[in-house]
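Heads up: the structure comes next, in structure tokens.
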Amino acid sequence: MSEDKNIEQSAPWPPTYTIKKHTRVRHPKLRVSPHKGLEVIVPVRFSLKQLSALLETHKTWIEKKLLNYQHMITQAAMLPTEIFLPAISQQYTIHYRQIQNERIKIIKRPQNEIVLFGQMNNKILCKKLLLQWIRIQAKQYLIPWLQQLSEQTQLTYQEVNIRSQRSRWGSCSSNKVIHLNDRLLFLPPHLVTHVLLHELCHTVHFNHSNEFWKLLASFDSTWKTNKRELHNFKMNIPAWTY
């Protein structure tokens, strides 16, 4: 896969976009997300001469999607003052203290307060430290959660890892190693359970066959509703975490 970015446009149209050439893509695809903006995914032999016509054809759709995500794009540039983790019903207040010539550090106070102090002009580092803190919480809560469900269902796994993933809530390899997204903490508990059960079922069926869905249904009777809700819930994940 290769990437090429277009030259910055002086006019409002076309918007800034990224071209991705993919060997498995047969027809051009457009994708808009709050953290990547407009992506144009095309076959390797796609002629860039066709790009203008492609964008014009889907102009209304592109503008609508970009407008919908504009608020999230703006929010992504801001540091949070609060963090709510529905999965574990925890609310945290974030404080920032400017200290000149001091490396940014993060500490947790009683009463669910988190303090970052140091050179607060480095927002990238502030976000990095907050995301590292969230991953620590995810390890503390998600790993025992998965183990408990494993014992209840008798579906075993070899190992579990916590990652910051953008497109997947979780995954399971053929050797039964489960990877979980630390952003699961931003989901309500029933959807976290749904994801964990989904990955545990992959330890038996490494696919999405009828047998897989039957197995999942035996542990998660409302999996269809949960799956739809999970798909729509991505818009609720704080933009600053991407």
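The values are calculated or read from the model by the stated rules, or taken from the named source; none is laboratory data. Model, not experiment: these values are computed from the prediction. Note that we place each Cβ from the backbone using ideal geometry, even for glycine, and neighbour counts take in every protein chain shown.
Structure values in brief
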quantity	calculated
Enumeration of residues in segment 25-53 that are at pLDDT 85 or above, out of contact with any helix residue (DSSP H, G or I) (no Cβ under 6 Å at 6 or more places or on another chain) and part of a loop (DSSP other than H, G, I, E, B)	Val25, Arg26, His27, Val44, Arg45, Phe46, Ser47
Options Ile134, Ile124; residue that is farther than 27 Å from Val204 by Cβ, exposed (fewer than 13 other Cβ atoms within 10 Å of the Cβ) and under 23 Å from the mean Cα position of the chain (by Cα)	Ile124
Exclusive hit being of a type outside the set (Val, Ile, Thr), surrounded by 12 or more Cβ atoms within 10 Å (Cβ to Cβ), in a strand (DSSP E or B) and more than 24 Å from the chain's Cα centre (by Cα), set Tyr92, Tyr96	Tyr96
Spans of helices (runs of 4 or more DSSP H) in segment 120-224 with at least 3 residues in contact (Cβ under 8 Å) with a residue 12 or more places away in the chain and closer than 27 Å to Tyr242 by Cα	123-153, 189-201
Members of segment 113-131 that are of a type outside the set (A, V, I, L, M, F, W, C) and modelled with pLDDT under 95	Gly118, Gln119, Asn121, Asn122, Lys123, Lys127, Lys128
Cβ-Cβ under 9 Å pairs, at least 6 apart or on other chains, segment 14-30 side within 11 Å of Pro43 (Cβ to Cβ), far side among the acidic types (Asp, Glu)	Lys20/Glu3; Lys20/Asp4; Lys20/Glu39; Lys21/Glu3; Lys21/Asp4; Lys29/Glu39
Residue match in segment 61-82 (condition: part of a strand (DSSP E or B) and at pLDDT 95 or above)	yes
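Here is a yes/no grid of residues against (1) among the β-branched types (Val, Ile, Thr); (2) surrounded by fewer than 18 Cβ atoms within 10 Å (Cβ to Cβ):
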position	(1), (2)
Ile162	yes, no
Ser167	no, yes
Pro189	no, yes
Leu216	no, no
